[in-house]
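Below: one structure, written as structure tokens.
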Amino acid sequence: MFANGQTVVQIMEQLAPKHYAVENDKIGLQLGTLNKEIRKIVVALDVTDEVVDEAIAAGAELIIAHHAIIYRPLAKLDTSTPAGRLYEKLIKNEIAVYISHTNLDVADGGINDWMADLVGIKAEGRQCLEEVHTDKLYKLVVFVPEDQHEKVLQAMFNAGAGHIGDYSHCSFNIEGTGTFLPGEGTNPFIGKPGQLEKAKEIRIETIVPHSVHRKVVQAMLKAHPYEEVAYDLYSVDLKGRSFGLGRSGKLEQPVTLGELALKVKEVFEVPYVRVVGDPNRVIKKAAVLGGSGGRYARHAQFAGADVLITGDVDYHSAHDALADGLSIIDPGHNVEKIMKQRVADWLNQQLAERKYETKAVPSTINTEPFRFV
């Protein structure tokens, strides 16, 4: 069985939820329809003519890309222009295009975390450079019969409830007596229709992030034995976990700026990097940001980073960073190509777990527009 396009996107958005995206970012379905069977997915950094030809040759019905193909509203669709011909080719070959951009940058296990892993930034204590989204918190309260308490509680924890900072499985449990009168035609777990019942129950209270609150409630309802479950879900005035662009943190071990530059060149498979700062400077803490991150130099400095690793740093931003004592390594914008294999692998794992035959493949096309001579 092959997955429907909507199902593929729902799976993709578990990795990179749309609400993580920066305001006005051009994400989501940009061309075509998802209301069809998807046998093959091509994962690409950019959607170029060569990438579309590759998708056609592969028999793909969907391209999932990082960079948008439509940046502003179209006044007309002129197929004599390069962009128009690209759209026409996609439409004629019934290939849909879905974009996952800053939401994939922000996501846990997304582009910025992959970059941080590659350059050796420790996972422990890793922070984002600029906050984009804060996960709203809810309090979930449910009443469970004593002998079903552990089953329901674990189901809620397994779905993502009960996290407070670095602590997990957080809950409060109170014993009490519940009353209910089953109506005619009911099939109560405890008691009989038409008779007032008193049952020993436990009140469970736990914290649930907005990002998983539907999943937690569904898990709780599925595990709960009652036909009609008594529960409350209400927002609390507490700040949840923050998600954002970029990452900063301590390196696994200190290195010189020159050594780190060579590592960046190697792990991102680029022919050269631009370096701002003294190559002999010892780097203990680094920051990374996929794409064009020159304007985040002050964010990196505020985070205590010795170096910012990002693309497209302009001349004046480099001078400002140098004056501020911040080193920079610029491997270019195209290093975000690391998303191709990783997204394809993640999708294949998720699709296989759901018993779908749909396959994702990384694009083999090099979309780096610059040539180095």
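General remarks:
- The residue pairs whose first member lies in the range 88-107 and is open to solvent by 20 Å² or more (accessible area, probe 1.4 Å), whose second member is outside any helix (DSSP H, G or I) and polar (S, T, N, Q), and whose beta carbons are closer than 8 Å, counting only pairs six or more residues apart or on different chains, are E88/T79.
- Residue within the range 356-366 that is among the basic types (K, R), within 21 Å of I111 (Cβ to Cβ) and surrounded by 13 or more Cβ atoms within 10 Å (Cβ to Cβ) present: no
- Qualifying residue in the range 301-309 (condition: touching a residue at least 40 places away in the same chain (Cβ under 8 Å) and either open to solvent by 70 Å² or more (accessible area, probe 1.4 Å) or assigned to a helix (DSSP H, G or I) (or both)): no
- When the range 266-300 is filtered for residues that are of a type in the set (D, E, K, R), touching a strand residue (DSSP E or B) at 6+ places or on another chain (Cβ under 9 Å) and surrounded by 13 or more Cβ atoms within 10 Å (Cβ to Cβ), the ones remaining, listed by number, are R274, R281, K284, K285.
- Apart from one condition, S211 fits all of (1) at pLDDT below 90; (2) part of a loop (DSSP other than H, G, I, E, B); (3) surrounded by 14 or more Cβ atoms within 10 Å (Cβ to Cβ); the exception is (2).
- Of residues in the range 108-145 being among the basic types (K, R) and either touching a helix residue (DSSP H, G or I) at 6+ places or on another chain (Cβ under 7 Å) or surrounded by 17 or more Cβ atoms within 10 Å (Cβ to Cβ) (or both), the one farthest from I27 (Cα to Cα): R126
- The set of residues from the range 273-327 being more than 18 Å from A261 (Cα to Cα) and basic (K, R) comprises R295, R298.
- Residue in the range 325-342 that is among the aliphatic types (A, V, I, L, M), in a loop (DSSP other than H, G, I, E, B), in contact (Cβ under 8 Å) with a residue 24 or more places away in the chain and buried (at least 19 other Cβ atoms within 10 Å of the Cβ) present: yes
- Qualifying residue in the range 169-180 (condition: open to solvent by 60 Å² or more (accessible area, probe 1.4 Å) and on the phi > 0 side of the Ramachandran plot): yes
- For the range 114-155, filtered to residues that are polar (S, T, N, Q) and part of a strand (DSSP E or B), the residue that is nearest to L289 (Cα to Cα) is Q127.
- Top-ranked residue of the range 16-49 - restricted to ones that are part of a strand (DSSP E or B), touching a residue at least 60 places away in the same chain (Cβ under 8 Å) and not small (G, A, S), ranked as nearest to T134 (Cα to Cα): L29
- If you go through the range 69-87 and pick out every residue that is touching a helix residue (DSSP H, G or I) at 6+ places or on another chain (Cβ under 9 Å) and open to solvent by less than 80 Å² (accessible area, probe 1.4 Å), you end up with 5.
The values are calculated or read from the model by the stated rules, or taken from the named source; none is laboratory data. Remember, it's a predicted structure, so these values are computed and weren't measured experimentally. Every residue, glycine among them, receives a Cβ derived from its backbone with ideal geometry; neighbour counts consider all protein chains shown. With ligands, DNA and RNA removed, areas are computed over all heavy atoms of the protein, side chains included. Shrake-Rupley method; radii C 1.70, N 1.55, O 1.52, S 1.80 Å.
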